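Since the structure comes first, as structure tokens, the remarks are kept for the end.
The values are calculated or read from the model by the stated rules, or taken from the named source; none is laboratory data. Computed from a prediction, not measured in an experiment: that's the story for all the values here. Cβ atoms come from the backbone with ideal geometry, glycine included; neighbour counts cover every protein chain shown.
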Amino acid sequence: MFDNSFKPQARGLLIRGAKPIGFAQRPLLPLVDVLIGADGIIRDVGSAIAADDVRVVEAAGKFISPGWTDLHTHVWYGGTDISIRPEQGGAERGVTTLVDAGSAGEANFHGLREFIIEPARENIYAFLNLGSIGLVACNRVSELQDMRSIDIDRTIGVIREHRDVIVGLKVRASAVISGGWDLVPLKLAKKIGRILDLPVMVHVGEPPPLYDDVLGLLSSGDIVTHCFNGKQGGSIIEDEDLYQLAEEASRRGIVLDVGHGGASFSFDVGRAALARGLKPNTISTDLHNRSLDGAVWDMATTMSKLLALGMGVEDVVVASSTAPKRAIGKPADDLLAAGKPAEFTLFEIADTELQVIDSQGASSVLRQTFEPRFAVLGAEAVTASRHQPAPGHACPQCGGAR
């Protein structure tokens, strides 16, 4: 249940004594107060701010970062057979912005917008699936069987109509989705992306197409999700040539996104890549109803896994906040400045011993975990915590081709 104690009633919000992290323009003060007006706009940032008739959150030295932004989720609840409700991975988990990664195609996007995006307390954006039906029956009915699955004119029309919330195109480039269709769907998506000046997010998995060939078609700003998957034929550590291509792609401005999911993240791959200096640009969950209580749990746990594999705290925070905002073309600078909309996550880093698994079922023990305490959306501060999976549900292979 939501904690209603911090819901605004035409009142502002004062955050006291928070430690900024992840802001490119960080204040010189080690701890800051943040005053937010009833309209959700930052009024002042400083120390010992006094204000009347505001709700107060005592941060007591907790970190404050730009709002956590999950670049790969599935929140078209009721519209697909894998999607969760936004609140299951959103503000109550410290996440202020969710990006749905292709749950809807042109034929059903209107429902995602009306019933999910508009009523949600979180900010929600979407990559439109190239396949017209999206993920209505994920992995049971492919959205990319052949050319009859795609309507280019309608796809372009829907994107233009909903350009305020559609941030790109999503293509699942995997044999279990498109059979032997290989690179054709990705080429079509890239063509539409060029017409509309939008990036493409591409799911890499079981070949064909080859991960190698996918990288060759992408350009700066495009996103490879599941970049550290451990699938045969798709792992960057089993093929030195592919690893070199991934490094070169990152240098070219292609966004490498974690996209953990139920079957698309390997501790071994992530550890090896980080040891060689190849960091993911963005950290995301690929959260859906087959990964929620399985391998993923939530954003905070996914962030904690990357911390355990060798990423620095600040790198993890940036990859989970401002970097994904930039990837979808949303403001990511001066987010802790007067006059800007307030969107923050307050969190701690706790010492713990938490056993987790990756998408291959390999286990690991986390010694430190990100622990969200509040998600701040305008003048509303939502009490947050990590997800506690249902007892006895820890299926290591719960996601199929996800």
**Residues located in segment 333-351, provided they are more than 14 Å from Val34 (Cα to Cα), surrounded by 13 or more Cβ atoms within 10 Å (Cβ to Cβ) and over 19 Å from the mean Cα position of the chain (by Cα)** = Glu348, Ile349, Ala350
**Request:** Taking Ala249 as the residue in question, decide whether it is part of a loop (DSSP other than H, G, I, E, B), more than 15 Å from the chain's Cα centre (by Cα), buried (at least 20 other Cβ atoms within 10 Å of the Cβ) and not assigned by TED's automatic domain parsing to the domain that holds Leu346.
**Result:** no
**Subset of segment 134-175 [in a helix (DSSP H, G or I), among the β-branched types (Val, Ile, Thr) and either within 13 Å of Gly193 (Cβ to Cβ) or out of contact with any Leu (no Cβ under 9 Å at 6 or more places or on another chain) (or both)]** = Ile152, Thr155, Ile156, Ile159
**Fill in**
Filter segment 340-383 for residues that are of a type in the set (S, T, N, Q) and assigned to a loop (DSSP other than H, G, I, E, B); the one that is nearest to Val95 (Cα to Cα) is Ser359
**Message:** Being under 26 Å from Phe344 (Cα atoms), in contact with a Gly (Cβ under 8 Å, 6 or more places away or on another chain), in a strand (DSSP E or B) and of a type in the set (Phe, Trp, Tyr): is that true of Phe115 here?
**Reply:** no
**Request:** Taking the residues in segment 24-39 that are surrounded by 15 or more Cβ atoms within 10 Å (Cβ to Cβ) and either touching a residue at least 60 places away in the same chain (Cβ under 8 Å) or under 26 Å from the mean Cα position of the chain (by Cα) (or both) as candidates, determine which candidate is farthest from Glu380 (Cα to Cα).
**Result:** Pro27
**Request:** Quick one: Glu106 ticks every box in (1) in contact (Cβ under 8 Å) with a residue 40 or more places away in the chain; (2) outside any loop (DSSP other than H, G, I, E, B) except a single one, so which number is it?
**Result:** (2)
**Request:** Could you grab me the full set of residues in segment 50-89 that are outside any loop (DSSP other than H, G, I, E, B), among the small types (Gly, Ala, Ser) and under 17 Å from Ile117 (Cα atoms)?
**Result:** Gly89
**Prompt:** For segment 208-234, which residues satisfy the criterion of being in a loop (DSSP other than H, G, I, E, B), of a type in the set (Gly, Ala, Ser) and either surrounded by fewer than 19 Cβ atoms within 10 Å (Cβ to Cβ) or modelled with pLDDT of 95 or more (or both)?
**Reply:** Ser219, Ser220, Gly221, Gly233
**Complete:** Residue pairs qualifying under the 6 Å Cβ cut-off, at least six apart or on distinct chains, with the first in segment 116-128 being closer than 21 Å to Val200 by Cα and the second being among the acidic types (Asp, Glu) and at pLDDT 95 or above, are Ala126/Asp100
**Prompt:** If a residue has to be out of contact with any Gly (no Cβ under 7 Å at 6 or more places or on another chain) and either buried (at least 17 other Cβ atoms within 10 Å of the Cβ) or in a helix (DSSP H, G or I) (or both) to count, how many in segment 194-207 make the cut?
**Reply:** 5
**Request:** Could you please let me know if Leu130 is surrounded by 17 or more Cβ atoms within 10 Å (Cβ to Cβ), over 22 Å from Arg290 (Cα atoms) and touching a helix residue (DSSP H, G or I) at 6+ places or on another chain (Cβ under 7 Å)?
**Result:** yes
**Asked** Is there any pair linking a residue in segment 70-89 that is charged (D, E, K, R) to one that is at pLDDT 95 or above and crowded, with 24+ Cβ neighbours inside 10 Å, with Cβ under 6 Å and at least six apart or on different chains, and which?
**Response** Asp70/Val95; Asp70/Leu98; Asp70/Ser284; Asp70/Thr285; Asp70/Met299
**Prompt:** From the list Ala323, Ala308, Ala300, Ala342, which residue is in the same structural domain as Ile41 (by TED's automatic domain parsing) and either at pLDDT below 95 or touching a strand residue (DSSP E or B) at 6+ places or on another chain (Cβ under 7 Å) (or both)?
**Reply:** Ala342
**Prompt:** Considering only residues of segment 62-108 that are under 30 Å from Leu29 (Cβ atoms) and hydrophobic (A, V, I, L, M, F, W, C), which is surrounded by the fewest Cβ atoms within 10 Å (Cβ to Cβ)?
**Reply:** Phe63
**Complete:** Within segment 87-106, residues being out of contact with any Asp or Glu (no Cβ under 8 Å at 6 or more places or on another chain) and among the aliphatic types (A, V, I, L, M) number 1
